[in-house]
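These notes concern the structure reproduced below.
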Amino acid sequence: MESPTARGSPGDQRTPNRPRLAFILVTIFLDMAGFAMVAPLLPLYVQHHAGGALLAGALGSVYAVMQVVGAPLVGWFADRRGRRPVLVVCLLGSCAAYLGVAAAGSLQALFIAVAFGGLVGGSFATAQAYIVDGASPGERTRWLGLAGAAVGLGIAAGPLLGGFLGASGLRLPAFTASAVALANALYGFLALRDFPPPAAAADRQNLRLDPIRGIIGVFRRAELRTFLLALAALNLSFSGLPSTFPLFSQARFGWGPPANGLFFAFIGACAVLTQGLVVGRLAPWVGEARLASAGAAGATAMFALVALAPAAWMLYPALGLLAIGTGLGIPSLMSLVAHHAPEAGLGRAMGGVQSILSACMIAGPSLAGGLHQALGPTAPYWAGSTLAAAAFLTITLAGPRRTGPSEGP
């Protein structure tokens, strides 16, 4: 088996096939937009079926929980069968899930549809593996950053379109998301050619249905552990922000929904611009590990500044720079994971990473909410600063293992 270092060596002159990778960016954008079109309306679907806030919250967690279960399976199949067919099947599964949401006649049916959507929602990990297959080492971080930007754009555009369509009927956004997923799957089936999976990958891997084993499996790889720990800490620090910031801004500065909505649009713009335009340009000069360290260090300082901010206007530069820091750090760490992963198990490794990130999305809001309630509005931001500092120290103290595909001058 080819070593990770050999695969990412400077001698690897493989050139990214831009039309294929551009399709992946469109796929990610449409996938995220479809989900974001429906997700904000899920409490209203629950209400429509006479459910309360507790069930609405539980429904919101089901998707992330099922992603933890499904992402390693999707990654395993992507290694065995190729990225393209698995990506198409995931999109068809999303199409069916959105149809199920639109047609659900009971709370049970709604939960089943959302759970199925999470189970087949590992397309992002497969898309990342496809990017790594098709991009040269020098361009890998740039394309992974563009993938992150596509996520941000989809999450920003989806609620706007979903709200507009929802005014004409609660089921219309779900039907529209289903149609978008179907069109995306058909285009991939007809127009996309796959990169061949690594030789004999299927013969060296066994399917495991336990997602915890999938997470433990990637952590057991010494060459990945440093980056995975840093990635988990950085994601955990940031994942609780959406669920606590409106409470924090209201308690400290009296902000209401309009001010918070404008602020989150600003944060999204910072993240999209960083991942789409900045990280790919800096990585060849600075190196992925140094870029990840800088992003984690910036996040450490900015979390603390938010907690200490005496005036509302200071939240804009502080959290804007925080979004930039995570926008630099997370794609760089993803690139380092992809670079060091064994080629025959790349899809499985990225699926394990997706499970870790989904676990952070489950734990982060609960952790932030508990800290807010127990210790006060600033507690989640001090915790975020601590977690970001842990990510920084993990990368910095790793020593020579930080080396990535383009470590810069």
Rounded accessible area of Tyr316 (nearest 10 Å², 1.4 Å probe):
70 Å²
Once the piece of chain linking Gln250 and Ala103 is laid out straight, how much longer is it, given 0.36 nm per residue of separation minus the C-alpha distance between them?
49.2 nm
For the pair Ala374 and Val26, how long in nm is the line joining their label points, each one 7 Å along Cα→Cβ?
4.9 nm
Determine the gain in length on full extension of the stretch Ile362-Gln47; use 0.36 nm per residue of separation and subtract their C-alpha separation, reporting nm with one decimal.
111.2 nm
For the pair Ala311 and Arg80, what calculated FRET efficiency results from E = 1/(1 + (r/R0)^6), where r is the Cβ-Cβ distance and R0 = 51 Å, to the nearest 0.05?
0.40
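What is the gain in length, in nm to one decimal, between Ser168 and Leu393 on full extension, counting 0.36 nm per residue of separation less the C-alpha to C-alpha distance?
Details: separation 225, 0.36 × 225 = 81.00 nm, distance 5.09 nm.
Result: 75.9 nm gained on full extension.
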Ordering of 287-297, 178-188 by packing [mean C-beta count within 10 Å, highest first]
287-297, 178-188
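The values are calculated or read from the model by the stated rules, or taken from the named source; none is laboratory data. What you see is a predicted model, and the numbers here were worked out from it, not measured in a lab. Because the Cβ atoms are built from the backbone with ideal geometry, glycine has one as well, and the counts that use them run over all protein chains shown. In case anyone asks, the SASA skips ligands and DNA or RNA and just uses the protein heavy atoms, side chains included. Shrake-Rupley method; radii C 1.70, N 1.55, O 1.52, S 1.80 Å.
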